[in-house]
Structures are given as structure tokens and as C-alpha cells.
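As C-alpha cells, the structure follows; a few thoughts come after it.
Since every read-out is calculated from the coordinates, none of them should be taken as a lab result. A quick note: this is a predicted structure, and the numbers were derived from the prediction, not measured. Glycine gets a Cβ as well: all are built from the backbone with ideal geometry, and neighbour counts include every protein chain shown.
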Ligand code: SF4
């Protein structure tokens, strides 16, 4: 009999298995803690479970981990990019970043991406497949086991390869474990899911109890420019309406990400339109100067132009920040992941 991948099971499914095996409910919590807090690789290491249960679990389930294929560190040591290879040979990347003593893990949700945005290097390489929830969780576990002190609090951002909202089942299962006190125990403020904005999926997530912050990659103030940069993107009005519903349903703010590209979306008219689109709404604006790579079609604006773009936003938006991306020298910055050796 083929073994089932236990890290692809939801908390409810693990509880149901414990019950089916005649075990008390707290066994599910113990199993989760071994898997995600202690990073255990084998059921026989789970020493607070009865040996009969360990034997049954070992017969029915496997515990997966990731194979590291390559890694590279940025010149300033603040970012490290890791290339992982899955059991079927698919490659995907994750990044560990450090800023002001706080560590953030940037995870991939898909190997490659089918959406082909011209402002993103991942889109150049095409799409291989969705990542399973165990592959998402194992990226976090890899860093927790190898790079983070045992009790250190960290952040997780879904800003690596892929569009997370097109892999909703795996995303939701992974978020459940990331949130759980028996898993990684991270709340809304420590998790960000970044999406180009898929309104039905945003509305679906708004109605669930999963805890995370939402970031919408808007990147344009007219539908025409948005579609030129992100061919699969929906209309701006539709996207922002879904973001607003999410913010109201969750009583939170949504981050509007805007990659600033020289002579494409960084004009004073764009800044004024962005101010008008977001004024009076529970949106934070995060400006991201474009990160260039060899052969890319776009350029980063000058510092002066970035400052000028910010000016009309400051009086209307509740918060405006400029993201100083790290790791661009190793193509680990926003939009630069590719999944190649
Ligand atoms: S920006 Fe996001 S959705 Fe667009 S190609 Fe890159 S990974 Fe895919």
C-alpha cells in the first residue's frame, strides 16, 4: 500500500485519523508539534506517542522533506536564496531575508508561474506545477531547522514563485498549519499573501477563518497599463472592490503593492490616479522600485522620481512605504525568482 503524505493532511484529517485509531484527541496536537515545531523526520522519534501508534503511523504515512539543490548569499549577507528540488525533479526557490534583526521567509506557492507578467522574472520561465501543501510547509521547516534559533519569531511572505490564489487548496492547508498553535503559531501580522488580485479567490478567503495579511499587486492606474504589465490581471475596479470587501470583512487594512517602473507607471498622473483610487479606503500603499535583471524590458526610476511619485499619496493614504528590496545582486529580490540552477 502506498504511504500517504501526512504533511498534505489538514488538522481535521489528522484528528480524524487519531480518532479512527482509537486515540484521544490530543494525539493530533502531539503529532503536529512533532512535525512542525520539532521538525521530526520519522514517526519512531515521536517519543510521547504509544509505540503501537508510532508503528501504525509509520506503516501508513510518510514524512517528506525538501532536497536542497543550490543556495547563494547576497554580498551584504542580508539575503540568501535557496533552490529546492522536489521528488519529481521540479525546481523552486525560497529566500531568507534579514532586516533590523527580524527574519522573513519568502516562500513559493507554485513551481514557475503561468501568468507571464513582464515585470517579473518568474513569469519568463513558464509554469511547471502547483506546489503541494507539504512543499510549501517544508520551505518554512527547512529554515526553521537550519537557520533560525528554536524560539525565534519570524515572518512568512507568499511572494516567491507563483500566484498563491491559483493554488488555493494547498495555500489554505499550509496557512492552517502556519496559524495553528501546534504548528508554526504565526498570526495575521506575521504572514502576508501577495497576489495579482483574483477577486473570486479574495472573496472566498475573506469568508474563512485563516489568519494572514493580504497584499494586492496593483502596479498600474489604468487597465490598459495593468494588462500590459500583467496580461492575466483583472480590471482595477473589480480587483480593488474585492480588496475592500476583504478589508471590511476582516476589519483590517490591505496593502496595495505598486512596482514603480521608469516611464511606464511612474508619472505624476499615475501618482494622482493612485491617490484617487485608494483615498479614504483601508489600504496601505507599498511602492517597490523595479528590480532589474539581465535582459529585462523595464528600468528602475530615479530616486527623485520615486520621491515625486510619493508626494500626492501622503495626504490621502493611511500609510505609504517604499520597499527597499534586498538581494537583487543574487536575483532574490521581488520579482526576480526563477527556479533555475
Ligand atoms: S508577478 Fe506573480 S503572478 Fe505575475 S508572473 Fe510573477 S509570480 Fe506570476
Study note, to complete from the structure: Of 216-225, 299-308, ordering from highest average Cβ density within 10 Å down gives 216-225, 299-308
Practice item. Counting other beta carbons within 10 Å of each Cβ, put 238, 270, 77 in order, fewest first. Key: 77, 238, 270
Practice item. Mind jotting down the distance between the C-alpha centroids of segment 218-260 and segment 62-125, whole Å? Key: 25
Check your understanding: What list of whole percents do you get for P(r) of segment 67-330, with Cα-Cα distances grouped in 5 Å bins up to the one holding the largest distance?
Key -> 1, 6, 13, 18, 19, 19, 14, 8, 3, 0, 0
Revision key, fill the gap. Percent antiparallel among DSSP beta bridges confined to the chain, nearest 5, equals 45
Study note, to complete from the structure: Note to self: Kirkwood Rh of segment 68-208, Cα pairs, one decimal, Å, is 15.5
Study note, to complete from the structure: Fewest-first ordering of 65, 74 by Cβ atoms within 10 Å yields 65, 74
Check your understanding: For the residues 135, 19, what sequence is obtained by ranking on other C-beta atoms within 10 Å, fewest first?
Key -> 19, 135
Review point. Which residue, 17, 63, 136, tops the fluctuation ranking in a GNM of the chain built on C-alpha contacts under 10 Å?
Key: 17
Practice item. Return one quarter of the surface area of the convex hull spanned by the alpha-carbon atoms of segment 11-99, equal to its mean projected area, in nm². Key: 7.9
Revision key, fill the gap. Note on the chain: contact order normalised by length, alpha-carbon pairs under 8 Å, 6 or more apart, percent, works out to 16
Exercise for review: Quickly estimate the mean residue ellipticity at 222 nm for the chain, helices only: each DSSP H run with n ≥ 4 gives -39500 (n - 2.57), and the total goes over all residues, rounded to 500.
Suggested key: -9000 deg cm²/dmol
